[in-house]
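Accompanying notes for the structure given below.
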């Protein structure tokens, strides 16, 4: 059985910056041992490489000097029994590549690129993500015994880290591929559901993403069956990632069941994948070194466990010198508790006879959140099933006596038919 199928991850993500190229790996290992960490996620390549890459389209972190940081981390972690997932980010490159390969990048409807600090946003249809990214992954897999790969911000990204929205990409690659997909139609100007070809564009996006993930999965499997593929999408991955995070301008009321919901949606919908829900330490993207309250970190991590998943915790940079340690200490407490009782967690089976259907996009409507909270606070056991999964595998619904549909308009007709054919009561 592949190592991740044990479903007892105690994963710590070190979201590495260029300046972390000079980190003290021994101090990192000491911190991970305090967490009873079983898996660490560290930077490998993409925007910056943390190993001596030979590829001309990848920039090595200038703080690395002549060091092979990735190799050192893997060697020392494996010595301590800690698995290593290599993290990639292909959503951007360093700005120096933009002049040489302008065709790799996102373009707004009026032809603008999206620079952000010293990076420029790429397009998932472009040559960089379609071809060069796989070469980068291959270089790491060939050179290092990693236990898994993860890539951040995968897919069609239409906003920058300052929250500016740019709309659908109109680069030449997107125009060509969408025309081929749609029989000659033009790209929509916005992602508004009222756009004439909105549904067709969504289907196009899914096809592009699924085809690329399939190629990545085949590449990884060519290096071994024991290397996990992980990202925020469900297609051709072994570990589906999600996040419990905060934002200072997010509308109230505060959603306390974030972790429970994130885990439930995946755990009840697939039996061949696991969910790793990352609990983000930072209070917001712009306040990366100010943590959420320790009580919230504990709540989110314990919800992961209670809903049937492992643990996943992330900070920006390294622990040494990290300015807000309160939630880090809280996370260590929960990780140590899990380590003491890992023979129980990750192996829990649901006895629920009630299911809630929601869209494959995993977007949580107010109606869904209301139903979820009501059932939780009434202490009624229930599972969450993604509608497209129920349509594809009607047997998922056979065990339930009641299927709740918070918003009928969001559910695929096929999913409703699957429920009805199983003679379930739809509420």
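The values are calculated or read from the model by the stated rules, or taken from the named source; none is laboratory data. Since the structure is predicted, the reported quantities are computational estimates derived from the model, not experimental observations. For neighbour counting, all protein chains shown are included, and Cβ atoms are generated from backbone atoms with ideal geometry for every residue, glycine included.
The figures follow:
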read-out	value
Tally of residues being assigned to a loop (DSSP other than H, G, I, E, B), in contact (Cβ under 8 Å) with a residue 24 or more places away in the chain and more than 17 Å from the chain's Cα centre (by Cα) across the stretch 188-229	5
In the stretch 336-355, residue nearest to residue 379 (Cα to Cα) [restricted to those that are free of Cβ contacts under 8 Å to residues at least 24 places away in the same chain and part of a helix (DSSP H, G or I)]	337
Test: residue in the stretch 90-103 that is assigned to a loop (DSSP other than H, G, I, E, B) and either outside the structural domain of residue 21 (by TED's automatic domain parsing) or crowded, with 19+ Cβ neighbours inside 10 Å (or both)	yes
Some residue of the stretch 288-303 being surrounded by 14 or more Cβ atoms within 10 Å (Cβ to Cβ), assigned by TED's automatic domain parsing to the domain that holds residue 260, more than 13 Å from residue 244 (Cα to Cα) and touching a strand residue (DSSP E or B) at 6+ places or on another chain (Cβ under 6 Å)	yes
All positions within the stretch 64-89 that are in a strand (DSSP E or B) and in contact with a helix residue (DSSP H, G or I) (Cβ under 9 Å, 6 or more places away or on another chain)	83, 84, 86, 88
Qualifying positions in the stretch 174-187 - over 25 Å from the mean Cα position of the chain (by Cα) and either within 14 Å of residue 156 (Cα to Cα) or in a loop (DSSP other than H, G, I, E, B) (or both)	175, 177, 178, 183, 184, 185, 186, 187
Some residue of the stretch 383-401 being closer than 20 Å to residue 260 by Cα, surrounded by 14 or more Cβ atoms within 10 Å (Cβ to Cβ), over 27 Å from the mean Cα position of the chain (by Cα) and modelled with pLDDT of 90 or more	yes
Per-region count, the stretch 186-220, residues more than 17 Å from residue 125 (Cα to Cα) and at pLDDT 95 or above	4
Hey, residue 146 in contact with a strand residue (DSSP E or B) (Cβ under 9 Å, 6 or more places away or on another chain) and closer than 28 Å to residue 264 by Cβ or not	no
Enumeration of residues in the stretch 107-148 that are in contact with a helix residue (DSSP H, G or I) (Cβ under 9 Å, 6 or more places away or on another chain) and assigned to a loop (DSSP other than H, G, I, E, B)	107, 113, 117, 118, 123, 124, 125, 126, 144, 145, 146, 147
